[in-house]
Structures are given as C-alpha cells and as structure tokens.
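The values are calculated or read from the model by the stated rules, or taken from the named source; none is laboratory data. Just so we're clear, the structure is a prediction, and the values are computed from it rather than from any experiment. Here the Cβ is made from the backbone with ideal geometry for all residues, glycine too, and neighbour counts use every protein chain on show.
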Amino acid sequence: MMPRPDVARLGISYRRIPVMTVGRDVYLDTRLQLPKLEALHPSLAKLGAESADQQALQHLLSTMIIDGGVFESAVQLLPTDLPLLQSEAYYKDRSDYIGAKLSPDSMQKRRPEALTKIASSFKFLEATLLSDGRDWILSTESPSLADIEAVWPFHWLIGLPGALPSDTFSEKVYPRVYAWVGRFQAAVSAAKKKLGPPRSLSGEEAARLVAASPFNEEDGSVDVTDAVVLALGLNKGDLVKVWPTDTGASHKDTGRLVSLTETEVVWETATTEGASVRVHAPRHGYRFSKATDDVVRQRL
C-alpha cells in the first residue's frame, strides 16, 4: 500500500513491486528484470529458452498470465475475510491502483467470473503442457523461465487459504498442476537454503548504496526511426513521463529520456538527495509522452 517512501527516495513514483537496482540503474517490471538478471551472469546456466519455439512459448505464457487476465482474476479471488481487507484504507489504495471502485461487495460479485477464468487456466495447463507427465514446461531438468512466467499466480492461489473452493480445485481435480506447483516450491526452498539469508537493508541504506554506485549500463541512444518517437518529436534528453498502461497508471514517472529501443525505455531522474539514477521499463505494457518543464521541476 502507498506511500512507499523507500521507492520515493529514488525519485520514482512507480508503485508496483518488485523494483530492482543494479548500481544506479533501476529496473521496473519482472518482464524486464528477469532477462537483465540473466545478462549479468552469462557464465551461469540460462533459465531463459534457447530455441525459437521455446522462446515463443515462454513469451506466450507471460502474455497469458499478465495480458490474458489470469493475474487480474487471481487478485479478485483474495478472500475478503483476510485481515488486510478489513481496512477501508486498503480499498481506497487499490481503487486508486486499478482505476476503478473496489469494495468487499464488488470483489464478491466478481468472484464467480474470476473462478471461471482461473479454472480455465488450470484446465489448460493440466490438459496440454503438463499432460504428458513432464516435470517442467520445457521438459528441462529444473525450472526454466517459462515455468517462472507461468507458475506464480497458481502458486499464490494454492497457498492462500480460502482463495479456491476445495471441491473444484484440489490435487485430485488437477493433479499435474498441483504437482508442478509443489515441485516449484521445493526448488525455490532448495535454492534459498543453498544461498542463505539475504542481507537486509533499510530504505535509507539502500538509497545511499544506489547513489554511491556506478551506472550498470552505458548511456544508450534513442531510436529516431521509432514510430512513437517520430509522432511525439522526441529526442535524447527531452523531458518525458512514463506510466504502465493497465494498473498503477495514475502514478506517472518523469525524467529526461536517455535511451529508447523497440523493447525498452530509459529515463534519468534524481533521488531525494540529488543523485541521478536511470530508470528502465519495458516498452510492452508502458506508455510515454513528452512532459512539461514545470511538471519535471517538481521531481528533479
């Protein structure tokens, strides 16, 4: 829930999690974060698909979960008796987040349709990708990025008491999906045990470390042939505002355009202490436009 002072310290209005920093580069959205993490460690075994057909399947699974409404339906199945959902502040915050009125009544009304959508998704996995008894989506020896792209809403719902009715969602009804989720949890637990506990930092400490670090990536350039760049008359260094196109769209970020490709937009902003940081977002699922000087001066 808002406010999120730790993110605001980096000069960022974006309200989703997680937010990833590498040096003074900040990466938004797991669809960008995961490939960036893989690029950081090229010597390690890749989680991402190698062949063209597997890359296509990995991409389509991500699209199904995010753009195809699976995640949206999963959120609608949050049990309204959860302690967090007893607060009016929660509904006010989430109404701002999704851009529509949210209440216990509206969640209950949407629940049947959400259950239908989630059941369809369970059935899809049970009857197609997992139907031959494979352990992992791409028939790999361990979880791949395709599994990560697909598993998380199912993992979340299965582990959330009261989210799914036990008579229509169970190991008996969807044995392959439940077994897949169980294997994934076991793999995550084993990885956590191997790595040990992560270092814990306060928001102030994290902001100081980011500000004192070098940039992770080179400056980059703006694709002057891009259709949106041409339509907006954008150039490198122009003031821009960037926002997600679905949820959280009311929280727009501003800064100076650093680089833009067909897959990524990068802009520079400043921390509350005045250090510059570069923020990266994927093109897919995000929109940008020119910003006025007075809007940006409020942020920089």
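Here residue 228 qualifies as in the same structural domain as residue 289 (by the TED database), among the β-branched types (Val, Ile, Thr), surrounded by 12 or more Cβ atoms within 10 Å (Cβ to Cβ) and touching a Leu at 6+ places or on another chain (Cβ under 9 Å). Scanning region 147-170 for residues that are exposed (fewer than 14 other Cβ atoms within 10 Å of the Cβ) and more than 23 Å from the chain's Cα centre (by Cα) yields 161, 162, 165, 166, 167, 168, 170. Of the residues 259, 250, the single one that is small (Gly, Ala, Ser), within 29 Å of residue 63 (Cβ to Cβ) and modelled with pLDDT under 95 is 250. Among helices (runs of 4 or more DSSP H) entirely within region 1-114, having at least 2 residues that are aromatic (Phe, Trp, Tyr) and closer than 27 Å to residue 252 by Cα singles out 88-98. For region 140-154, enumerate the residues that are in a loop (DSSP other than H, G, I, E, B) and β-branched (Val, Ile, Thr). Across region 140-154, the qualifying residue is only 140. Mind checking whether some residue in region 190-206 is more than 24 Å from residue 5 (Cβ to Cβ) and touching a helix residue (DSSP H, G or I) at 6+ places or on another chain (Cβ under 8 Å)? No, region 190-206 contains no residue that is more than 24 Å from residue 5 (Cβ to Cβ) and touching a helix residue (DSSP H, G or I) at 6+ places or on another chain (Cβ under 8 Å). Taken over region 214-250, the criterion of being among the aliphatic types (A, V, I, L, M), closer than 25 Å to residue 24 by Cβ and more than 24 Å from the chain's Cα centre (by Cα) is satisfied by 222, 229, 234, 239. Residues in region 121-131 that are in a loop (DSSP other than H, G, I, E, B) and either in contact with a Pro (Cβ under 8 Å, 6 or more places away or on another chain) or of a type in the set (Gly, Ala, Ser) (or both): 1 in all. Out of the residues in region 174-192 that are surrounded by 12 or more Cβ atoms within 10 Å (Cβ to Cβ) and basic (Lys, Arg), state the one that is farthest from residue 134 (Cα to Cα). Selected residue: 183. Once region 90-116 is narrowed to residues that are at pLDDT 85 or above and either over 26 Å from residue 15 (Cα atoms) or among the small types (Gly, Ala, Ser) (or both), the residue that is nearest to the chain's Cα centre (by Cα) is 114. So, in region 27-71, of the ones that are of a type in the set (Gly, Ala, Ser) and in contact (Cβ under 8 Å) with a residue 60 or more places away in the chain, which residue ends up nearest to residue 216 (Cα to Cα)? This residue is 48.
In the set (1) within 27 Å of residue 168 (Cβ to Cβ); (2) not in a loop (DSSP other than H, G, I, E, B), residue 134 fails one condition alone, (2). Answer yes or no as to whether residue 212 is surrounded by 11 or more Cβ atoms within 10 Å (Cβ to Cβ) and within 29 Å of residue 273 (Cβ to Cβ). No; evaluated as a whole, the condition is false for this residue.
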